[in-house]
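First the structure, in the form of structure tokens, and then the observations on it.
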Amino acid sequence: MAIRLFQSQTSMFCEKVRVVFALKKVPYEIVDVRKDERKSLIEFTGQRKVPTMDYNGKSVIDSTVISALLEKDYPANSVYPDGAAANGLCLALEDWSDEVLIHANHAMRRAETPDARKKAEEQWATHFNALEQMYSGKKFIFDRMTIADIAIFSQLHYLYTTVKYEIPANYKNVLAFMENMRQTLKLNSLADSFAAQSL
């Protein structure tokens, strides 16, 4: 089975999918859409969104959809927790990360004035406080790394790799989670983008 991932190295959603591929040890080829200004992606799919997976000639778009398909076809090293209630909460947290934290990232990245930066930091403080409680006394939200942790990490990691913003020191549980993920993903530092093909 030939799998290609159309992606951008700096995209948090592409990083999320790369982590899922690595955890599941599924071989794939990377197509960097920046190299040809997305022409190969547009030719294959008729659209510009990444990540997009070429799954044996079938176009699969969106990190959540790609992750769910990989889980279905490669169930080893599951990225979802056991039990319906835990799975539902996991999916809700993945969605919260993808649909809410992304806006906080954009606000921080686009903050060009001190006032805009202050507002972006206040927005992130709300999310950091929630995450601080979620990761209180835990390495992961559930009993192992799940798509919720991967989605949250990818959004927080973007602060380091692209925005060049470090999580404030008073969020000790969030920082412990990030350090745990850094070690688990074998990153030299949080400034490094995740690129391993397997873990």
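The Cα-based radius of gyration and maximum Cα-Cα distance (Dmax) for segment 84-184 are 13.4, 45 Å. Each Cα pair under 8 Å and six or more residues apart adds its sequence gap; the mean of these over the residue count of the chain is a relative contact order of 28 percent.
Restricting attention to segment 1-56, lysine pairs at least eight places apart or on different chains and with alpha-carbon atoms under 16 angstrom apart total 5. Per the Debye calculation on the chain with a single equal scatterer at every Cα and no solvent contribution, log₁₀ I(q)/I(0) for q = 0.11 Å⁻¹ amounts to -0.50. A DSSP coil position with no more than 10 other Cβ atoms inside 10 Å describes the following GluC sites (Glu not before Pro) in segment 1-74: 37.
Each value in this text was obtained by applying a stated rule to the coordinates, not by laboratory testing. All values derive from a computational prediction rather than experimental measurement. Cβ atoms come from the backbone with ideal geometry, glycine included; neighbour counts cover every protein chain shown.
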